[in-house]
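Please treat every number below as a calculation from the coordinates, not as lab data. Keep in mind it's a predicted model, so treat the numbers as computed, not measured. Here the Cβ positions follow ideal geometry from the backbone for every residue, glycine too, while neighbour counts run over all protein chains shown.
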Amino acid sequence: MKVGVLALQGDVAEHIAAMKRAVRGKGNVIAVKKPEQVGGLDALVIPGGESTTIGKLMQKYGIDKAVLAKPELAIFGTCAGAILLAKEIENYEQFSLKLMDISVARNAFGRQRESFEAELRIPQLGEKPFHAVFIRAPVITRAGGGVEVLARVNDAIVLARQGRYLACAFHPELTRDSRLHRYFIEEVAAP
Ligand code: GLN
């Protein structure tokens, strides 16, 4: 399996390291900076960072078109990456790929809780809670019919899947737990 990590801005190195741990030698992990690299991928990670900046750079280099031209590509969007997957961004006018039938609100946890950590119950990853790091995180405010909600913080949706797309509001690349990356590779992206 060939996995790309979009390397325009944000948590690129951390995702490459986490993805390498998750594929355990059974795949190739590369940094993606050019549209020509997208065609050969099975899966793509869009990392956390600043969604406006990543979106602008995707458009500038034509990576948006390359991604949209490849509907079989599995995509894991984390934090800013989740915003870029969403059909609708409630509180800002900005670019997104609109591939998942979800609405998101940016920076949704408010000032004093802009960054926090939480133990999430994610049945798909097993019994052990997943330690999730939230940094000026979005929430998923609406999940359409084909969207499976995988985790919440209080009532807010923070992890969801639609077919070959996985969106999460937190930063799984910042902890040593590779279960979510592995779930993406083995369950979401696996042909
Ligand atoms: N607040 C950022 C945005 O809206 C996302 C934060 C992150 O990716 N850690 O783009």
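Quick notes
- Options 23, 67, 5: the member that is closer than 18 Å to residue 175 by Cβ and either within 16 Å of the ligand (Cβ to nearest atom) or within 15 Å of the chain's Cα centre (by Cα) (or both): 5
- Boolean, residue 59 is over 20 Å from residue 189 (Cβ atoms), more than 14 Å from the ligand (Cβ to nearest atom) and not in a strand (DSSP E or B): yes
- All of 110, 145 fail the test of being of a type outside the set (A, V, I, L, M, F, W, C), touching a strand residue (DSSP E or B) at 6+ places or on another chain (Cβ under 9 Å) and outside any helix (DSSP H, G or I), apart from 145.
- Scan of segment 153-189 for residues that are without any contact (Cβ under 8 Å) to a residue 12 or more places away in the chain and either more than 22 Å from residue 26 (Cβ to Cβ) or small (Gly, Ala, Ser) (or both), ordered by number: 154, 155
- Residue within segment 161-175 that is more than 14 Å from the chain's Cα centre (by Cα), more than 12 Å from the ligand (Cβ to nearest atom) and outside any strand (DSSP E or B) present: yes
- Counting only residues that are in contact with a Lys or Arg (Cβ under 8 Å, 6 or more places away or on another chain) and either part of a loop (DSSP other than H, G, I, E, B) or within 16 Å of the ligand (Cβ to nearest atom) (or both), segment 26-54 holds 4 of them.
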